[in-house]
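Note sheet for the following structure.
The values are calculated or read from the model by the stated rules, or taken from the named source; none is laboratory data. As the structure is a computational prediction, the values presented were derived from the model and not from experiment. Glycine also receives a Cβ, built like all others from the backbone with ideal geometry; neighbour counts cover every protein chain displayed.
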Amino acid sequence: MTDLLHRQLGALRPEAAALLVIDVQRSFGDPAFLGGYGLDEAASAHVAAAVSRCAELVSLARSAGVPVYWIELATPVDEPWQASKWLRSGSLSGPVGDDEPCVVGTPGAEWYGVVPAEGEPHFAKRGYSGFLGTGLAERLTTDGVEWVAVAGLTTECCVAATATDAIQLGWPVVLAEDATAAYSLELHAAAVESLALNVAVIGDVATVADVWARGSVPSSDSEASVTAPAGEVVA
């Protein structure tokens, strides 16, 4: 472990932590919804493992008294995100298509593999970042959160966008890398490498849980998996 990493993790107060769970919804995690993304067997297993690890991290957060904030994509059925539609299809007009993810009121928008507990806040977003038009930043400030752990789907998209905005808004970020996934192993690895350069300390579920529990550097069991870095509220 480097001296820098020791200082980074040692500076984080467990009593001022929060966990952000991003887009662990059927449109992004349920194999029944992923046919159009071209996942191979390894990528499918990676997504399944990340969902399982995310559920584990949520359980650990609750046990440690760390608040969990749920961020979900919520696409209105009568008002699709036209810029995203254009990027996927070349069209800037028209109704919600069959490939539109997380349409409000449809099965694709449901949580997958892990669900909010009663009283845990969740934030509906229209785009990639959990901070865009959701009130998340204001809620974190009100709640006295000083740093965030991040997990969810997908690594290169909404996880990266949310983590980037978090650090730009002043919150140090620890990415639970094994509780995130993309639809190819190469894309996931590239996204993690990019985040490590400018956005987050890269760890795993054990890293994050250890900091929550002790407010210090990880135990020897998790050191090898740590990399030093070069809406509205609806409930």
(request) Those residues that are on the phi > 0 side of the Ramachandran plot and assigned to a strand (DSSP E or B), I need them from the stretch 147-192; list them, please. (result) 152
(message) Quick check on the stretch 1-49: of everything there that is within 29 Å of residue 63 (Cβ to Cβ) and of a type in the set (Asp, Glu), which residue is surrounded by the most Cβ atoms within 10 Å (Cβ to Cβ)?
(response) 23
(request) Hey, can you tell me all the residues within the stretch 174-217 that are closer than 12 Å to residue 46 by Cα, of a type in the set (S, T, N, Q) and out of contact with any helix residue (DSSP H, G or I) (no Cβ under 6 Å at 6 or more places or on another chain)? (result) none
(message) Based on this model, can you work out whether residue 233 counts as modelled with pLDDT under 95, touching a Pro at 6+ places or on another chain (Cβ under 8 Å) and either farther than 23 Å from residue 15 by Cα or buried (at least 22 other Cβ atoms within 10 Å of the Cβ) (or both)?
(response) no
(request) Identify all residues within the stretch 166-188 that are touching an Asp or Glu at 6+ places or on another chain (Cβ under 8 Å) and among the acidic types (Asp, Glu); write none if there are none. (result) 177, 178
(message) From the list 59, 93, 27, exactly one residue is part of a helix (DSSP H, G or I) and more than 15 Å from the chain's Cα centre (by Cα). Which is it?
(response) 59
(message) Please pick out the residue among 200, 196 that is small (Gly, Ala, Ser), modelled with pLDDT of 95 or more and closer than 26 Å to residue 135 by Cβ.
(response) 200
(message) Out of the residues in the stretch 75-90 meeting the condition of being among the polar types (S, T, N, Q) and part of a helix (DSSP H, G or I), tell me which one is surrounded by the most Cβ atoms within 10 Å (Cβ to Cβ).
(response) 84
(message) Return the pair list, or none, for Cβ contacts closer than 9 Å from residues in the stretch 184-203 that are within 16 Å of residue 37 (Cβ to Cβ) to residues that are of a type in the set (Asp, Glu) and surrounded by 15 or more Cβ atoms within 10 Å (Cβ to Cβ), at least 6 apart or on different chains.
(response) 187/156; 188/156; 188/177; 191/156
(message) Tell me the residue from 100, 72 that is surrounded by 12 or more Cβ atoms within 10 Å (Cβ to Cβ), of a type in the set (Asp, Glu) and not in a loop (DSSP other than H, G, I, E, B), please.
(response) 72
(request) List every residue pair whose Cβ atoms sit under 6 Å apart, with the two residues 6 or more apart in sequence or on different chains, where the first one lies in the stretch 29-41 and is under 14 Å from residue 153 (Cα atoms) and modelled with pLDDT of 95 or more and the second, anywhere, is part of a helix (DSSP H, G or I) and basic (Lys, Arg). (result) 33/26
